[in-house]
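Read through the structure below, which is laid out as structure tokens, and then see the notes.
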Amino acid sequence: MRVPTPKPAVFLDRDDTLIANAELDWSGAAPPLRPGDLCDPDRVRLLPGALDACRRLAHAGFTLVVVTNQALVGLGGGTIDDVHRTHDRLRALLVDSEGRGLLSGCYFATHHPDAPQSHAQGAFRGDHAWRKPSPGMILAAARELRLDLATSWLVGDAKRDLDAARAAGLAPDRCLRIGPGAPNANLTTAAAQILSSTCP
């Protein structure tokens, strides 16, 4: 049987890359929920241009994979089920013009060094190979989805996103940071750079 050829991917951070987070109103957040702990599907809102950028990347042949730290699980601000429901909502929003999903995977890391040991989330205390800036999520996705890391890209809004991708073996010039003060303002401009630089 013929083995499928590994495919190029674009690994995407979630919060403030695909969906709004920092600009949301977190004034009502109370412990154990912290500002930024987005685990409510009703609060998922795509950033401007994110849907079109993902459609263009997918149309060009890239596999789209979310890789996100969700330490809220370890810290007690939400559950794994909450994260899955949030990602189900993200998948429902990121579809092509015929309603087919654009995401091939959503990988998330639940650990945090400060997770309390006194409750059920204590199992998520400490560091983990999947927690960015470690490369575990990217490496797992590459194995499971048969992705070619040499021709893949990452887009994220934080240094740890880029560090994780580089640790996984992605070329530094294929690790794109977006946001204020970054070379690319948002996913739209990052996608344009990817598409102008690559012929997958």
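The values are calculated or read from the model by the stated rules, or taken from the named source; none is laboratory data. Remember, predicted model here, so these are calculated numbers, not experimental data. Neighbour counts run over all protein chains shown; Cβ positions are idealised from the backbone, glycine included. Areas reflect the complete protein model, heavy atoms only, side chains present, ligands, DNA and RNA absent. Shrake-Rupley method; radii C 1.70, N 1.55, O 1.52, S 1.80 Å.
Tabulated results
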quantity: Sites H59 and R34 - FRET efficiency at Förster radius 41 Å, r taken between beta-carbons, to 0.05; calculated: 0.65
quantity: Computed E for D81/R43 - FRET, C-beta separation, R0 22 angstrom, nearest 0.05; calculated: 0.85
quantity: Helix 80-93 vs. the chain, principal-axis angle (Cα, 0 to 90°, nearest 10); calculated: 40 degrees
quantity: Residue with peak Gaussian network fluctuation, the chain [Cα springs, cutoff 10 Å], from S104, S27, S152; calculated: S27
quantity: Accessible area expressed per residue, region 55-112, with surrounding protein chains retained (probe 1.4 Å, Å²); calculated: 39 Å²
quantity: Counting all C-alpha pairs of the chain, share separated by more than 24 Å (%); calculated: 38 percent
quantity: Accessible area expressed per residue, region 124-170, with surrounding protein chains retained (probe 1.4 Å, Å²); calculated: 43 Å²
quantity: Net charge, P8 excluded, C-beta distance under 15 Å - Lys, Arg +1, Asp, Glu -1; calculated: +2
quantity: Selected from A164, A140, A109 as most flexible by GNM, with the chain as the system and alpha-carbon contacts under 10 Å; calculated: A140
quantity: 12 Å beta-carbon shell around A158, net charge (K/R +1, D/E -1); calculated: -1
quantity: Accessible-area composition of the chain, carbon plus sulfur, in percent [1.4 Å probe]; calculated: 52 percent
quantity: Expected 222 nm ellipticity per residue - DSSP helices of 4 or more, -39500 (n - 2.57), all of the chain, to 500; calculated: -8500 deg cm²/dmol
quantity: Nearest-ten-degree value, helix 187-197 long axis tilted from longest Cα axis of the chain; calculated: 30 degrees
quantity: Cβ-based net charge around L47, under 12 Å, with every Lys or Arg adding one and every Asp or Glu removing one; calculated: -4
quantity: Estimated FRET transfer efficiency (L145, S196; beta-carbon r; R0 35 Å; 0.05); calculated: 0.90
